[in-house]
Amino acid sequence: MTAALDEILEGKSICICAGSGGVGKTTTSAAIAAGMAAQGLSVCVLTIDPAKRLADSLGLKELGNEATRVDPALFEAQGVEMKGELWAMMLDAKATFDELVARQAPDEESRDRVLENRIYQQISSALAGSQEYMAMEKLFELHTEGRFDLLVLDTPPTRNALDFLEAPKRLTQFIEGKSLRVFMKPTGLAARVAGRGASVALSVFKRIVGFDLIADLAEFFNAFSGMVDGFQARAKRVNVLLSDPDTCFLVVCGPQGEPIDEAVYFHRKLVEANLPFGGVIVNKVHYPADELRAEVDDLPTALTDKLGDESLAQRVAANFSDYQALAERDARNIEHLANELRTAHVIRVPHLDEDVHDLAGLEQINRYLFATGEERIEMAAGRA
Amino acid sequence: MRGYSDEGRLFLPAREIARNCPIPELLDKRLVIVTGKGGVGKTTVAVGLGLRAAAEGKRTIVCEVASQENASRIFDHAQVGFHEVEMEENLWSISIDPDESMREYVLLQLKVRAMRDMLFRSRIFNYLAAATPGLKELVTIGKIWELAQLDRKVKQGRKYDLVIVDAPATGHGIGFLQTPRTFASIARVGPIHSQAQTLDRFITDHENTGAAIVALPEEMPVNESAALEKDLRDEVGVSVDRVYLNGLYPERFNKAEAERLAGLAAEENGAVKAAARAAVSEHERARCQRAQLSRLRRRVEAPVKTLPFLFEPELGVEAARRLSRRLG
């Protein structure tokens, strides 16, 4: 039987919620953090979602690059006993990158040269991948500080699992710019070693993108040259942290075919990258009323008898059959998911009557996340 | 990144563009950008618009970006990849792979074959192409532009009346559409500079380019759609023609009926209880959704159209076709 989330997260110091967009990742991350904090841990949830969804979820007006404590009174108002502390942070990727540069720069002049470089400004603010990279960077920083028992990371809504996992590597390679920097000094020994093909490539590239860009790139790499080793060392340590047994990746998805397929794909990528997979959370599941199916045949008649209103009875029956069809689909998809992932750790959160965007909603989700499999089925049946 | 506004000759302020352009019908444009947060049904709406335009006799292509294959999935078709594949009469589909777009772009730029071969084999070129910030997005938009040209750059390219783009999810979507503008300001000379300017003008030309946001009737997606409309207008210069509120539940029960059913659920057992409970849930969800619909109507400027929730296990082409009739 499926374990409750607190068993899966027992002894973990990092929990990364991954999955495609629109499956309730931000809400789930916030709910997990709130639930673990309620049990007595000091927890910080980090989101890099540009839409400030988490801020909404937690009733915070504004999140910054600093962790902000969520007022315990808000939980008390919901009747939740908050034994630990819940902190939240909305990651500012650009500010994190700037901080990182400031930390790695040998002196103020090098720092300013990088910060003022146009290529850097573009990479740090606009480039897809920098958010992912900075999320991991911040995670590493907070982990090193050791202020919190558990860090929960809400990953950005990438459309491709690979983007998230590979962004840090790609960005480090870009910053290293090994093969490129060689060509930035045409008079150096390296240029001659590199050969004609590369020189042609470079000149063609110049022609296509315009000289300015290449000059900016050259300046960027020069400005960065003193920091490359520091970045590399740090990136390595971040990778070690992600594959640490105290880290746990949770895949979040919805019950429809497409999100399920993406979850399977994401899981495969995690396994290939040797990253620790903890379990999968399926949101908005239509629970089937299994034990009732036998009686459903004469439902319209039974309802008409009770209600004395044939039109209403028919509508109620039609509605029920629509939802049962969705429930059957969800059950099929989840079975497929569990088989593909070879895991029993599939946590199903039901499709609640109201959408979740506040602490009361998070508390409702947590009743399912932090229940054992049997308890969950009972609760869902209690609703039926 | 905001430096472009200083060079006022190049770009009109976004708001001015939005105000001054007349608004022809969505499907009469050459390009329609379908955007919204992840999981709201962007692809279904993009395909639905495509089916509708195709039914009106317009030769239409639905483009997916970043190598997604959601449209071919709706048609239950094998993956289309970087090929213009016919799905139905008048309707094609393509999944734009940035690497392929880059390759095609270079092919169009360089006429000397030996040079091209050398280039593609060259590690340094591949490195530069992969590492230059925004280049992938730029060549992707370049390909979309190319598809929308009546005088196609690609040899024997088919002429389309309408190009529909299934854009990346919110957040990344804004960055994606801003790429040409950003590029035009970074690369101040060279072919990329002028091409980036062309692409920016193409995206922000409201006469020929339309945009639709897809939203769900929930609190946060409604907030995000309002923010997205504003960002598209102020940051990219794209004005939104429609907001589609997707997945709206039917109102099967009125308040009095719901109360009666709640009473029944409390008294009964078995299937009757479960069915009554499901009806009460449905009523509650439909009610919450109507409240979100009103909020959306208050918060966005573009007209809001609703699309019904379809009680179907998987949404295929017939579902998209039924939705397409309500996409006006």
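The values are calculated or read from the model by the stated rules, or taken from the named source; none is laboratory data. Please read all numbers here as calculations on a predicted model, not as lab measurements. Here Cβ is always computed from backbone atoms with ideal geometry, including for glycine, and neighbour counts include all displayed protein chains.
Quick notes on this structure:
- Within segment B:147-161, none of the residues are aliphatic (A, V, I, L, M) and in contact with a Gly (Cβ under 7 Å, 6 or more places away or on another chain).
- Within segment A:339-353, if we keep just the residues that are surrounded by 18 or more Cβ atoms within 10 Å (Cβ to Cβ) and assigned to a loop (DSSP other than H, G, I, E, B), the residue that is nearest to the chain's Cα centre (by Cα) turns out to be A:345.
- Residue check for residue B:69: acidic (Asp, Glu), touching a residue at least 24 places away in the same chain (Cβ under 8 Å) and more than 23 Å from residue A:263 (Cα to Cα): no
- Selected residue (only one of B:81, B:157 is closer than 24 Å to residue B:198 by Cα and of a type in the set (Gly, Ala, Ser)): B:157
- Test for residue A:337: is it among the aliphatic types (A, V, I, L, M) and more than 14 Å from chain B (Cβ to nearest Cβ): yes
- Apart from one condition, residue A:93 fits all of (1) buried (at least 21 other Cβ atoms within 10 Å of the Cβ); (2) at pLDDT 90 or above; (3) small (Gly, Ala, Ser); the exception is (2).
- Selection status of residue B:124, at pLDDT 90 or above and crowded, with 18+ Cβ neighbours inside 10 Å: no
- Test set (1) under 29 Å from residue B:64 (Cβ atoms); (2) touching a residue at least 40 places away in the same chain (Cβ under 8 Å); (3) surrounded by fewer than 20 Cβ atoms within 10 Å (Cβ to Cβ) - residue B:194 fails condition number: (2)
- In the set (1) of a type in the set (Val, Ile, Thr); (2) within 12 Å of chain A (Cβ to nearest Cβ); (3) over 16 Å from the mean Cα position of the chain (by Cα), residue B:85 fails one condition alone, (2).
- If you filter segment B:288-327 down to residues that are of a type in the set (Lys, Arg) and closer than 19 Å to residue B:70 by Cα, you find that the one that is farthest from the other protein chains (Cβ to nearest Cβ) is B:321.
- Whichever residue in segment A:329-365 is of a type in the set (Asp, Glu) and modelled with pLDDT of 90 or more and, among such residues, is farthest from residue B:277 (Cα to Cα): A:340
- Yes/no for residue A:131 being of a type outside the set (Val, Ile, Thr), buried (at least 20 other Cβ atoms within 10 Å of the Cβ) and touching a residue at least 60 places away in the same chain (Cβ under 8 Å): yes
- Filtered residues of segment B:211-221 (kept if touching a residue at least 60 places away in the same chain (Cβ under 8 Å) and either facing another protein chain (nearest Cβ under 10 Å) or on the phi > 0 side of the Ramachandran plot (or both)): B:216, B:217, B:218, B:219, B:221
- Selection within segment B:139-156 - in contact (Cβ under 8 Å) with a residue 24 or more places away in the chain and exposed (fewer than 14 other Cβ atoms within 10 Å of the Cβ): none
- Picking from residues in segment B:242-262 that are buried (at least 17 other Cβ atoms within 10 Å of the Cβ) and not hydrophobic (A, V, I, L, M, F, W, C), the one that is nearest to residue B:301 (Cα to Cα) is B:242.
- Qualifying residue in segment B:202-222 (condition: of a type in the set (D, E, K, R), more than 26 Å from residue B:287 (Cβ to Cβ) and buried (at least 24 other Cβ atoms within 10 Å of the Cβ)): no
- The residue that is surrounded by the most Cβ atoms within 10 Å (Cβ to Cβ), among those in segment B:263-287 that are of a type in the set (A, V, I, L, M, F, W, C) and more than 7 Å from every other protein chain (Cβ to nearest Cβ), is B:280.
- The helices (runs of 4 or more DSSP H) located wholly in segment B:105-196 that include 2 or more residues which are within 11 Å of chain A (Cβ to nearest Cβ) and over 26 Å from the mean Cα position of the chain (by Cα) occupy B:113-121, B:123-131.
So that you can scan it fast, the table gives a plain yes or no per residue for (1) at positive phi; (2) among the aliphatic types (A, V, I, L, M):
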{"residue": "B:233", "(1), (2)": "no, no"}
{"residue": "B:248", "(1), (2)": "no, yes"}
{"residue": "B:258", "(1), (2)": "no, yes"}
{"residue": "B:270", "(1), (2)": "yes, no"}
{"residue": "B:284", "(1), (2)": "no, no"}
{"residue": "B:290", "(1), (2)": "no, no"}
{"residue": "B:297", "(1), (2)": "no, no"}
{"residue": "B:302", "(1), (2)": "no, yes"}
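- Verdict on residue B:203 being more than 14 Å from every other protein chain (Cβ to nearest Cβ), in a helix (DSSP H, G or I), aliphatic (A, V, I, L, M) and within 30 Å of residue A:207 (Cβ to Cβ): yes
- Test: residue in segment B:52-68 that is assigned to a helix (DSSP H, G or I) and hydroxyl-bearing (Ser, Thr, Tyr): no
- Looking only at segment B:25-51, residues that are within 10 Å of the chain's Cα centre (by Cα), assigned to a helix (DSSP H, G or I) and small (Gly, Ala, Ser) come to 1 in all.
- The test for being among the β-branched types (Val, Ile, Thr) and part of a helix (DSSP H, G or I) holds for residue A:334.
A quick yes/no check of all residues on (1) aromatic (Phe, Trp, Tyr); (2) modelled with pLDDT under 70; (3) closer than 29 Å to residue A:254 by Cβ:
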position: A:81; (1), (2), (3): no, no, no
position: A:87; (1), (2), (3): yes, no, yes
position: A:119; (1), (2), (3): no, no, no
position: A:150; (1), (2), (3): no, no, yes
position: A:162; (1), (2), (3): no, yes, yes
position: A:166; (1), (2), (3): no, no, yes
position: A:174; (1), (2), (3): yes, no, no
position: A:179; (1), (2), (3): no, yes, no
position: A:182; (1), (2), (3): no, yes, no
